[in-house]
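The values are calculated or read from the model by the stated rules, or taken from the named source; none is laboratory data. What you see is a predicted model; the values in this text were computed from it and never measured. Here the Cβ positions follow ideal geometry from the backbone for every residue, glycine too, while neighbour counts run over all protein chains shown.
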Amino acid sequence: MNASLRKFIFNDLQTVEGYIDPPDALVYLSLLQAQDKAGMGGGVAEIGVFYGRSYYLMKKIVGDAGKVLAIDLFDLGEAADGTPTQYQRFLDYGKRLGLTVDQDLVIKGDSTRLRPSDITDRLGRVRFFSIDGGHMLGHVVSDAALATDALAEHGIIAFDDTFNPAWPEVTVGVADFLRERADTFSAFCMTKYKTYVCRRAFHDVYYRAIREAPDLAAFRHVDTQFLGSKTVRLHNPMGRRMVYELMVHAGMRGLSERVYR
């Protein structure tokens, strides 16, 4: 297993305000490393950075040689002079983690107004694209189309908040994306919060990568069908989640990693 990266996920990363849970952090780790092992190159991009928890996870995994593009409005918070504080807090978290943000790889703006070349001119083709931006149907449709047009042939799109009852239009958008592109795209993995899709030609490659990943061995792997594709669902029992949360709240982040072995 990846001892140093797991320590980062379960300890350092949890100090960054954000939402990516350990199961999905371990999926990101497993998929990006599977791509590295197979020589599947390309940049990494994220729409919806918030304060950088998943961004810094990807930065840590790809290392200094990798490129990670951050796309966000960065309009949250308010300083005394009325200016947003989100971007500075995002940078401050990076300094705390020892991960430098390449500000040439930051786009401050509305992702629905971007062109694929705004991404590929900075990164080349994208091998892993995390979508966690606006949660209305129009946002999901636009961001999915943007990601598709910037994606490498072997690229993966990770959709956040699928099946979250708080954001029903995300579910509609992801389902529409897969139905409308049924001849080219399919889902291969689902967790409580995310759905992972790729081009059909690479479905079995990534399905096996999830099935065989040592860092995902703690989860029950359940095969399901999602819009015509065999998809592995990673089941994270409530009991384990509760134990993990209790350990984190008790200040035992350094030991919480053992819950997911």
Conditions: (1) on the phi < 0 side of the Ramachandran plot; (2) surrounded by fewer than 23 Cβ atoms within 10 Å (Cβ to Cβ). Leu69 meets all but one. Number of the miss?
(2)
Lone qualifier among Ile47, Ile61 - being crowded, with 19+ Cβ neighbours inside 10 Å, in contact (Cβ under 8 Å) with a residue 24 or more places away in the chain and farther than 24 Å from Leu216 by Cβ:
Ile47
Test: residue in the stretch 162-178 that is closer than 16 Å to Ile20 by Cβ and touching a strand residue (DSSP E or B) at 6+ places or on another chain (Cβ under 6 Å)
yes
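What are the residues in the stretch 107-131 that are within 18 Å of Phe74 (Cβ to Cβ) and surrounded by fewer than 24 Cβ atoms within 10 Å (Cβ to Cβ), if any?
Passing the criteria: Ile107, Lys108, Gly109, Asp110, Ser111, Thr112, Arg113, Leu114, Asp118, Arg122.
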Do we have Asp143 as buried (at least 23 other Cβ atoms within 10 Å of the Cβ) and assigned to a helix (DSSP H, G or I) here?
yes
Could you count how many residues in the stretch 36-53 are under 15 Å from the mean Cα position of the chain (by Cα) and of a type outside the set (Ser, Thr, Tyr)?
10
Would you confirm, using the coordinates I've provided, whether Asp204 is free of Cβ contacts under 8 Å to residues at least 24 places away in the same chain and in contact with a strand residue (DSSP E or B) (Cβ under 7 Å, 6 or more places away or on another chain)?
no
Would you be able to say whether some residue in the stretch 153-171 is under 29 Å from Gly39 (Cα atoms), in contact (Cβ under 8 Å) with a residue 40 or more places away in the chain and surrounded by fewer than 21 Cβ atoms within 10 Å (Cβ to Cβ)?
yes
(1) part of a strand (DSSP E or B); (2) surrounded by fewer than 19 Cβ atoms within 10 Å (Cβ to Cβ); (3) of a type outside the set (Gly, Ala, Ser) all hold for Asp204 apart from (1)
Residues Arg211, Arg179, Arg241: which one is modelled with pLDDT of 95 or more, more than 30 Å from Val141 (Cβ to Cβ) and not in a strand (DSSP E or B)?
Arg211
Quick check on the stretch 214-238: of everything there that is more than 30 Å from Val172 (Cα to Cα) and exposed (fewer than 14 other Cβ atoms within 10 Å of the Cβ), which residue is modelled with the highest pLDDT?
Pro214
Condition broken by Ala218, with the remaining ones in (1) assigned to a loop (DSSP other than H, G, I, E, B); (2) within 22 Å of Val49 (Cα to Cα) satisfied
(2)
Condition first: within 27 Å of Arg241 (Cβ to Cβ), over 15 Å from the mean Cα position of the chain (by Cα) and not hydrophobic (A, V, I, L, M, F, W, C). Now tell me which residues in the stretch 166-202 satisfy that.
Pro168, Glu169, Thr171, Gly173
For the stretch 72-99, enumerate the residues that are surrounded by 13 or more Cβ atoms within 10 Å (Cβ to Cβ) and of a type in the set (Val, Ile, Thr).
Thr85
Assigned to a helix (DSSP H, G or I) and touching a residue at least 24 places away in the same chain (Cβ under 8 Å): is that true of Gly138 in this structure?
yes
